[in-house]
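Working notes, beginning with the structure itself.
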Amino acid sequence: MAVAAVLAGTALPAAAYDGTNCKAPGNCWEPKPGYPAKIAGSKYDPKHDPMELNKQQESIKAMDERNRQRVDHFKKTGTFVYDVKKIPTQ
């Protein structure tokens, strides 16, 4: 009886149909019903503000500048100071 239960449990998932239509093996994405295939121009398009997207690039530039100041101070003095405000200016 246990063998029959194991066989029945393994056969059912293999025979189940998941409702996807694959364009190619492994490329089975399709939009949910009522959701557009192309998001651009639809009501789901987030329409990102360029200034909002630029914030990350600006913060990365500021981080690189702080790191440059830390490295320069370390090369001059041999001590590492994490807080850039504590690095004496010349």
Taking VAL6 as meeting all but one of (1) β-branched (Val, Ile, Thr); (2) in a loop (DSSP other than H, G, I, E, B); (3) modelled with pLDDT under 75, write down the number of the exception.
(2)
Identify, by number, the condition in (1) of a type outside the set (Lys, Arg); (2) more than 30 Å from PRO31 (Cα to Cα); (3) assigned to a loop (DSSP other than H, G, I, E, B) that PRO46 doesn't meet.
(2)
Pair list, Cβ < 7 Å and 6+ apart or interchain, from region 58-86 residues that are free of Cβ contacts under 8 Å to residues at least 24 places away in the same chain and charged (D, E, K, R) to residues that are part of a loop (DSSP other than H, G, I, E, B) and surrounded by 10 or more Cβ atoms within 10 Å (Cβ to Cβ):
ARG70/VAL81
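The values are calculated or read from the model by the stated rules, or taken from the named source; none is laboratory data. Computed from a predicted structure; not experimentally measured. FYI the Cβ positions are ideal-geometry reconstructions off the backbone, even for glycines, and counts take in every protein chain you see.
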